[in-house]
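The values are calculated or read from the model by the stated rules, or taken from the named source; none is laboratory data. Everything numeric here is computed off the predicted structure, so don't read it as measured data. A quick note on method: Cβ atoms are made from the backbone with ideal geometry, for glycine too, and the neighbour counts reach across all protein chains shown. SASA here: full protein model, heavy atoms, side chains in, ligands and nucleic acids out. Shrake-Rupley method; radii C 1.70, N 1.55, O 1.52, S 1.80 Å.
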Amino acid sequence: MTDGTMGAWSERRTRTPLNDSERILSGVLRHVREAVAADATLPGEHRLAEALGCTRQQIRHALADLENQGIVVRRQGAATTVDPLTLRLSARFEARVEYGDILARMGYTPSVEVLSASFDAIPDDIAALLHPQIEPVGAHIRLRWFADDIPAMVGEYILPMPAGMERPFIDPTRPIFDIAHDLWSEAIAWEVVSAGVTALTSEEASHLEQPEGEVAKMWTIVGATLSGQRISYSREVHHRDLVTYSFIRSVKEPWKIGPR
């Protein structure tokens, strides 16, 4: 086995440069989020255009987009209101979406930095969840995401390699799903997500700029391919207040529910 290397990346980078329409939509979403938090209506088009440095026509286009998604309700001669339930579906727990996209949908400017990247031994309890034929050493990547300038999530990602594979060069700035695909020549098709809470360790508290022992959202994720190979493990610790995750649950028809 050759001694593979990891690329270096110490600076924090914005997810992607926004074009003008994306910038305006993100700005309107920020006001939408603030309106929900304050239980208020959305500011008028003139105030939004002034705040975002754009035309009222551009604001109307952004509002029309949000109206089509059901996030805002517009009525002629009345203030624009926000549907808080639909806004929650911007962060769907059961839908796999790149984390920066989730933050952008909530009106934040996302950015990310690599905290560390190395080849390390895979702990036995984690190896037991993954494909049975893997190298004992895998890629370990730790990322910290920001919402605007607020630390939003710290993620630890373990990517095993197929047994017998030589350690490759890995660029930790690339999406985790792309790295996993390169290692296994298969894409992650579905994930098993176990959600819970955790008390922040001193290191996690430092990265999230929260008190040690503070309660935070936490989930572990195992990614699998269509052929059933389990090729990634993640542990994500989220700031408890920045994003509310929701999922849609179906309800059985009453006539199909058996006696209790």
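Details
- Unique match (being in contact with an Asp or Glu (Cβ under 8 Å, 6 or more places away or on another chain), open to solvent by 70 Å² or more (accessible area, probe 1.4 Å) and farther than 25 Å from T86 by Cα) among S202, S185: S202
- Within segment 165-182, the set of residues being open to solvent by less than 60 Å² (accessible area, probe 1.4 Å) and in a helix (DSSP H, G or I) comprises I176, I179, A180.
- Scan of segment 140-164 for residues that are open to solvent by 10 Å² or more (accessible area, probe 1.4 Å) and more than 25 Å from Y245 (Cα to Cα), ordered by number: H140, P162, A163, G164
- Candidates A49, A62, filtered to the one that is surrounded by 18 or more Cβ atoms within 10 Å (Cβ to Cβ), touching a Lys or Arg at 6+ places or on another chain (Cβ under 7 Å) and either modelled with pLDDT of 90 or more or over 25 Å from S111 (Cα atoms) (or both): A49
- Meets criteria (part of a loop (DSSP other than H, G, I, E, B) and either of a type in the set (V, I, T) or in contact (Cβ under 8 Å) with a residue 24 or more places away in the chain (or both)) for L87: no
- Listed conditions (1) without any contact (Cβ under 8 Å) to a residue 40 or more places away in the chain; (2) open to solvent by less than 60 Å² (accessible area, probe 1.4 Å); (3) over 14 Å from the mean Cα position of the chain (by Cα) are all met by D125, apart from (2).
- Exactly one residue out of G70, G107, G77 is open to solvent by 80 Å² or more (accessible area, probe 1.4 Å) and part of a loop (DSSP other than H, G, I, E, B): that is G77.
- Among residues of segment 198-211 that are within 17 Å of V112 (Cα to Cα) and in contact (Cβ under 8 Å) with a residue 40 or more places away in the chain, none has a Cβ under 8 angstrom from a residue that is open to solvent by less than 60 Å² (accessible area, probe 1.4 Å) and in a helix (DSSP H, G or I) at a sequence gap of 6+ or on a separate chain.
- Here the condition is being assigned to a loop (DSSP other than H, G, I, E, B) and among the charged types (D, E, K, R); of E34, E94, E113, it holds for E94 alone.
- Taking every residue in segment 235-258 that is closer than 16 Å to S90 by Cα and pairing it with any residue that is part of a loop (DSSP other than H, G, I, E, B) and at pLDDT 80 or above, at least 6 positions away or on another chain, the pairs with Cβ-Cβ distances below 8 Å are L242/M106; L242/Y108; V243/M106; S246/L89; I248/L89.
- Where A40 falls short, out of the listed (1) part of a helix (DSSP H, G or I); (2) surrounded by fewer than 17 Cβ atoms within 10 Å (Cβ to Cβ); (3) at pLDDT below 90: (1)
- The listed residues are Q133, Q69, Q76, Q57, and the only one of them that is of a type outside the set (F, W, Y) and within 27 Å of A195 (Cβ to Cβ) turns out to be Q69.
- In segment 80-97, the residues that are within 13 Å of L42 (Cα to Cα) and either open to solvent by 60 Å² or more (accessible area, probe 1.4 Å) or at pLDDT below 80 (or both): P84
- Pairs meeting the criteria (first residue in segment 136-147 and outside any strand (DSSP E or B), second residue not aromatic (F, W, Y), beta carbons under 7 Å, at least 6 apart or on different chains) are P136/A121; P136/I122.
- Residue check, Q133 among the polar types (S, T, N, Q), open to solvent by 50 Å² or more (accessible area, probe 1.4 Å) and more than 29 Å from L159 (Cα to Cα): no
- Options P172, P160, P168, P151; residue that is in contact with a Gly (Cβ under 7 Å, 6 or more places away or on another chain) and within 21 Å of G100 (Cβ to Cβ): P172
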